[in-house]
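Enquirer: One structure is given below, represented as structure tokens, and several questions about it will come after.
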Amino acid sequence: MKKILNSIVSVFAILVVIFSFVGCSGGISSDDAKAHISDFLDAIETKDYEHAATFLHPERPADLEAFFEVLKNEGDLDFSTIEITKYTGFSSSYYDSTVGGSTYSLSMSVKAGDDEIKMEIEIVKNDNGYGIYNLDIDT
């Protein structure tokens, strides 16, 4: 009986060590994701697209000025004032094999000018960097 108890304690100790290492590598926290997205949207508001691009993941560079200009012209959207009115959902993963790292997606209702739009932003943290990986806007 003592031998079985020692084995159980040893296995438990090994599991604690393994899970502590997993916790160290961590995913993306909700607070970090929200702050990252807020800073990105602040840069878009002021049309500082160069600064906004620093919030993008290195694997996903984009011409943000052209992207938001199309939304302005085709969707008649005004991004000079952006306010997140409600977070509507999220998903996260400590490891997603499609990106080789952690993901955090946040869905939200956003007021852009006078229009209410839906926005989903996915942030990725992997060996190549940290930043916005996907940006979906539904008008």
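The values are calculated or read from the model by the stated rules, or taken from the named source; none is laboratory data. Since the structure is predicted, the reported quantities are computational estimates derived from the model, not experimental observations. Quick note on the areas: whole protein, heavy atoms, side chains included, nothing else; ligands and nucleic acids left out. Shrake-Rupley method; radii C 1.70, N 1.55, O 1.52, S 1.80 Å.
Enquirer: Label region 67-128 by shape, choosing from rounded, prolate and oblate, from the square roots a ≥ b ≥ c of the eigenvalues of the Cα gyration tensor; if a/c is under 1.5 it is rounded, and otherwise prolate applies when a/b is larger than b/c, oblate when it is not. Walk me through the numbers on the way to the answer.
Expert: On the way: a/c = 3.58, a/b = 1.98, b/c = 1.81.
Here region 67-128 falls in the prolate category.
Enquirer: Turning to a different aspect of this structure: Enumerate the aspartates and glutamates that Lys34 could reach by cross-link, defined here as Cα to Cα under 13 Å, with residues fewer than 8 away along the same chain left out.
Expert: Leaving aside aspartates and glutamates fewer than 8 places away in the same chain, those within reach of Lys34 are Asp42, Glu83, Glu120, Glu122.
Enquirer: Could I ask something else about it? Sort Tyr94, Tyr49, Tyr130, Tyr87 by heavy-atom solvent-accessible area, probe 1.4 angstrom, most to least.
Expert: Tyr94, Tyr87, Tyr130, Tyr49
Enquirer: Hey, another quick one. Relative contact order (percent) for region 19-88, with alpha-carbon contacts under 8 angstrom and 6 or more residues of separation?
Expert: Computed value for region 19-88: 27 percent relative contact order.
Enquirer: Compare Phe67, Phe90, Phe55 by solvent-accessible area with a 1.4 Å probe and give them largest first, with all protein chains kept in place.
Expert: Phe90, Phe67, Phe55
Enquirer: I'd like the carbon and sulfur percentage of the solvent accessible area for region 45-113, probe radius 1.4 Å, heavy atoms only, ligands and nucleic acids excluded.
Expert: 49
Enquirer: Additional query: Run the 1.4 Å probe and let me know the accessible area of Ile84, rounded to the nearest 10 Å².
Expert: Ile84 exposes around 50 Å² with every protein chain in place.
Enquirer: Next question, about the same structure. Quick one: how many lysine pairs in region 72-139 have C-alpha atoms under 17 angstrom apart, if they're 8 or more apart or on different chains?
Expert: Lysine pairs meeting the criterion: 4.
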